[in-house]
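Contents: one structure, followed by commentary.
The values are calculated or read from the model by the stated rules, or taken from the named source; none is laboratory data. All of these numbers come straight from a predicted model, not from anything done at the bench. Glycine gets a Cβ as well: all are built from the backbone with ideal geometry, and neighbour counts include every protein chain shown. Protein only, heavy atoms only, side chains kept; ligands, DNA and RNA dropped before computing areas. Shrake-Rupley method; radii C 1.70, N 1.55, O 1.52, S 1.80 Å.
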Amino acid sequence: MEDLPEPLLAEIIKTITRISDLNSLSLVSKRLYKVEGDERGIICVGCGLNPATEALSSLCSRFPNLWKVEINYSGWSSDQGNQLDNKGLHVLSSHCPSLTDLTLSFCSYIDDSGLGYLANCKKLMALRLNSASAISSRGLSSVAIGCKSLSTLHLTDCMNVRSMETVLAKQEFERAGRWYETEPEELELWCPGNTGVEWLEHLGKAGSLVELVVKDCEGLSHYDLLKFGPGFMNLQKFEFDIKNDFYWLSEARDPSYNARYPHKYDGICCENMKDLRLAKMITQPEIGLRFLLRTCKALEKLSLDYVIGLDESEMIALLQNCSNLRSISLKLMPLRCGFDFRTPLTDDSLKALSLFCPMLQVVELTFACCSSLYPTEIGFTQEGIVKLIQSCPLRAVKLNSASIFYDEGMKAISSAQFLERLELVNCKRITDAGIAFITRAPCLTSLTLHKCKNVSNEGMAELARSQKLEFLTVKGCRGISEEAVQGAAKSVYYSAEVEIPYVIKEM
């Protein structure tokens, strides 16, 4: 090993992926210690840093070519010592010239001043902020201006990142007595003309972002995201998930909207968008982020989760232009639709999927708050779902709380030629007979049953006799015992615990 040329030795070290193995290798000799240190490009640190700044400085000296760093203080408590603060980011920015990817999670000691040091990281391409409570729009502005190569930005649960319009709208609700969890803090003083989303406007004009994710940031509404403007042209992935408590933003409006000019968003183009997720939003006709639904023609993955105001004609128009769509997730809840009370989409949307999306491989349908006693609360029918599965080359299907799906539906989809993975969650109409039917599916290798109360040990015996499944997951199915699942698949996961349905936790 000592006689090997250093470039060859470096290539060998690159093939070792386990951190424990790399740590052991570095103890063998001084030469391996140095080469391994030079080759290490990724570290993940957090509560173990003590004292934090000094420890990080040592790590940066030990690994001079770091390009990806994650600092995670999830589960941190004060008895573990101080967290990494702004000085730590100064160390990182000055000692890691190759840094291109940074994640900060639960770093409550880092504020806008610390984030400002990242402007020195000229190669930084990806920044992910998770529960960064002390960071505001000012810090993001420093990054937007200084990091010219930034192409990925994730903001999750960043409570102080907010726009003035959204904050003022919330205060108006409080004054009107319509907001029940009032907050004592007053509006901080802002410079005249400051909207709080200058960072978003700057990134939009720069046009460098290809991935933008905004989740659970209660100070931002989906109308604020319109300020990204021309940035949508180059964006390939966009996710906006509003915080649950902020459904009140249905009262907000796009301030620039003019009903006389319904096509005012035509200048915003999303022709490169491949992955789009909109969640927990209340939309209005022609305004807000819903304009994305008529401009994304390159979509490969689409998720619409509890988007109130979703119009079926708009949905069909979108699907007619999405011939490359490979994955779709629809999470729906019943609403007033004319004289009916049901989920807003019907079999017409499923028909559009089968007609215009020939490459579709993954479908997830979730129906929240739909009573099993009133099947008409679900706009889809069993026949419509079956036709979709039979007409598209679907490889994975998930049905959640689909009270309209019976054993007859399982029999019908058992002939699906490409179906490999089936997940049934809270599907109360499926019985052992349905499980027996699905064992006939020619390519099925993975089955998940979660809270399917009418499937029993007899159904597991059918699976065992078929000897077709590679993977079986059974959770919270009270009629199935742990002994019964053994031998039903090559790999089995079983849990008797009845969890809170995911759709309820989401809502």
On the full set of protein chains, 1.4 Å probe, figure out the accessible area of W76 and give it in Å² to the nearest 10. 70 Å²
With θ set to phi - 60° and the Karplus curve 6.51 cos²θ - 1.76 cosθ + 1.60, what are the ³J(HN,Hα) couplings of region 106-114 in order, to the nearest whole Hz, using x for Gly and Pro? 6, 8, 6, 8, 9, 10, 4, 4, x
Distance check, please: which entries in K227/K398; K280/K411; K87/K148; K280/K451; K237/K411; K331/K387 exceed 31 angstrom between their Cα atoms? K227/K398; K280/K411; K237/K411
On the first, second and third principal axes, largest extent first, how far apart are the outermost C-alpha atoms of region 64-165 in Å? 41, 34, 19
Could you please report the charge total around C337, scoring K, R as +1 and D, E as -1 over all other residues with beta-carbon less than 13 angstrom from its beta-carbon? -3
Please give the solvent-accessible surface of K428 in Å², to the nearest 10, using a probe radius of 1.4 Å with every protein chain present. 80 Å²
How much accessible surface does T381 have with a 1.4 Å probe, in Å² rounded to 10? 60 Å²
